[in-house]
Amino acid sequence: MVKPLLLVYCALDPSLRMSKKYRVGILGATGTVGQRFAQLLEDHPQFEITAMAASDRSVGKPYSEACAWKLPGKIPTNVRDIVVQPIEPPLDCDVVFSSLPGSVARETEEAFARAGYPVISNSSVYRMDEDVPLLIPEINADHLGLIEKQRQNRGFAKGFIVTNPNCAVVSFAPPLAALHRKFGVESAIVTTLQAISGAGYPGVASLDITDNVFPYIAGEEPKVEIEAQKILGIFTENGIEKADFAVSAQCFRVNVVDGHMVSVRVNLKNTATLEEVVDAMKTFPTLGLHSSPATFIEVTDEPSRPQTRLDRDNGNGMTITVGRVFPDNIFDYRFISLSHNTVRGAAGCAVLNAELLIAKNLI
Ligand code: NAP
């Protein structure tokens, strides 16, 4: 338990705030993303997991019993004995990470924000709300300015909701952001090849995905077509002015466990040479936060990369790997981008968001 006196010192001294351990509660802790949170937070210098919540199926059981652990290695010892609670406030924590299905996320996340908790959500339900930040911290940290408006709009005294994007959007929005900042993006066609773990557990039936490519992911294409424009939008006093390019998307489920690959074709507003395009991506700055990768966008010129199995773990799963960048016969340029869907596309991005919120004195 953090002593009130320590909180006062923390408010006065930012270095103390950065070294303080915040108590974390995870909603949907037993699921695919919840397990990734448990793994990523095992030795985190700023966070310790003190509460876990899931469905009635799991409530009352120790985490090790409630959870069908699917990640390599054992369940982290610090969470094994935490008893799973219902997804209702109060929970014994300072900040809440949510990896709940959309069907329960809207009501539950609002209840936690109203009860005073910062809620960092993986769910899609609040992403496009005008007063909710949709964050990739390297791209649009300034969108955190929406929190004040959100508190006014919704009557949250202390809590708030911050979201991270759809896991396929996380793969292509960074290279698109690099191009948009330098040359302006006019339009893009994206074809996503999404991993099985993106559907959660047990997710896709093995008979549907073994020896197969599945050309439909319910509700995915509309999300992939609109989220990047908000992320790349400009923060103004009146909200986010969305970027004005169009995205056309086709989304496929493919037979890999982790890692979303995206094939992108893009038209630019201003002309750019191939070298300038590659340079814009390579030089896009990373942040100096604990979970920041050394390189945000890695561009490879090896003809057969990126490959999902070989490159999804780059930068501990937090780097976006881009390859096969070429001029296109119809569009201006084409490239492939890849990211780890449960790390950069979910739990890792949420943890980075929380680190950013601490650095900005918002937690
Ligand atoms: P999942 O594996 O199906 O896990 C769902 C979690 O939510 C489990 O802990 C489950 O608890 C809990 N839950 C389900 N129904 C509930 C209810 N009615 N009340 C309380 N808890 C309930 O799903 P996931 O892949 O982790 O995805 C979680 C969220 O993250 C979704 O909104 C998804 O769209 C989003 N997301 C996922 C990914 C990804 O790559 N998987 C990436 C980005 C965003 P029990 O175990 O007790 O049933």
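Where a number appears in this text, it was derived from the coordinates with a stated rule and is not lab data. The model shown is predicted, which means the values in this text are computed figures rather than measured ones. Positions of Cβ are generated from backbone atoms using ideal geometry, with glycine treated the same way; all protein chains shown enter the neighbour counts.
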Can you give me the distance in nm between label points at SER187 and THR283, each placed 7 Å from the Cα along the Cα-to-Cβ direction? 3.0 nm
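Run the numbers on the chain and let me know its relative contact order in percent, using alpha-carbon pairs under 8 Å that are six or more apart. The partial results should precede the final answer.
Values: 799 pairs, mean separation 57.2, N = 363.
So the answer I get is 16 percent.
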Output the relative contact order of the range 295-363, whole-number percent, from Cα pairs under 8 angstrom with separation of 6+ residues. 27 percent
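Remind me, relative contact order of the range 167-341 in percent, using alpha carbon pairs under 8 angstrom and six or more residues apart? Before the final figure, lay out the partial values.
Details: 364 pairs, mean separation 50.5, N = 175.
Averaging sequence separation for qualifying contacts and normalising by length gives 29 percent for the range 167-341.
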The exposure ranking of CYS251, CYS67, fewest beta-carbon neighbours within 10 Å first, is CYS67, CYS251
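In what order do LEU356, LEU71 fall by count of nearby beta-carbon atoms within 10 Å, going from fewest to most? Write down the numbers at each step before the final one.
Numbers: LEU356 22, LEU71 15.
By the 10 Å Cβ count, ascending: LEU71, LEU356.
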Taking the Cα centre of the range 167-341 as origin, work out the dipole magnitude from +1 charges on Lys and Arg Cβ and -1 charges on Asp and Glu Cβ, in debye rounded to 20. 80 debye
Eligible lysines near LYS282 by straight Cα distance, threshold 23 Å, same-chain separation 8 or greater: LYS182, LYS230, LYS269
Under 20 Å between alpha carbons, and skipping anything fewer than 8 positions from LYS74 in its own chain: which aspartates and glutamates qualify? GLU42, ASP43, GLU48, GLU65, ASP258, ASP313
Net charge within 14 Å of THR77 by Cβ-Cβ distance, Lys/Arg positive one each and Asp/Glu negative one each, not counting THR77 itself? -2
Placed amide H near LEU91: partners under 5 Å, 5+ positions off or other chain: none
So for the chain, taking the charge dipole from beta-carbon charges (+1 Lys/Arg, -1 Asp/Glu), which of VAL132, VAL84, MET318 sits furthest toward the positive end? VAL84
Divide, for the chain, the radius of gyration over alpha carbons by 2.2 N^0.38 Å, where N is the residue count. 0.97
Those aspartates and glutamates that a straight Cα-Cα span of less than 14 Å connects to LYS360, excepting residues fewer than 8 apart in one chain: ASP13, GLU138, ASP142, GLU148
For ILE75, ILE120, what ranking results if the residue with the fewest other Cβ atoms within 10 Å of its Cβ goes first? ILE75, ILE120
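Kindly state, to the nearest 0.05, the FRET efficiency for GLU275 paired with ASN238, given R0 = 30 Å and r defined as their beta-carbon distance.
On the way: r = 38 Å, r/R0 = 1.27.
For R0 = 30 Å, the calculated efficiency reads 0.20.
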With only Lys, Arg, Asp and Glu charged, each at its Cβ (+1 for the first two, -1 for the last two), find how big the charge dipole of the chain is about the Cα centre; round to the nearest 20 debye. 600 debye
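So, R0 is 41 Å and r is the distance between the beta-carbons of ASN212 and THR295; what FRET efficiency does that work out to, to 0.05?
Numbers: r = 34 Å, r/R0 = 0.83.
Efficiency for this residue pair is about 0.75.
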Given a Förster distance of 30 Å, report the FRET efficiency between ALA68 and VAL104 from their Cβ-Cβ distance, rounded to the nearest 0.05. 0.95
Can you run phi through the Karplus equation (6.51, -1.76, 1.60; θ = phi - 60°) for the range 351-363 and list ³J(HN,Hα) in whole Hz, with x for Gly and Pro? 5, 4, 4, 5, 5, 5, 4, 5, 4, 8, 6, 9, 10
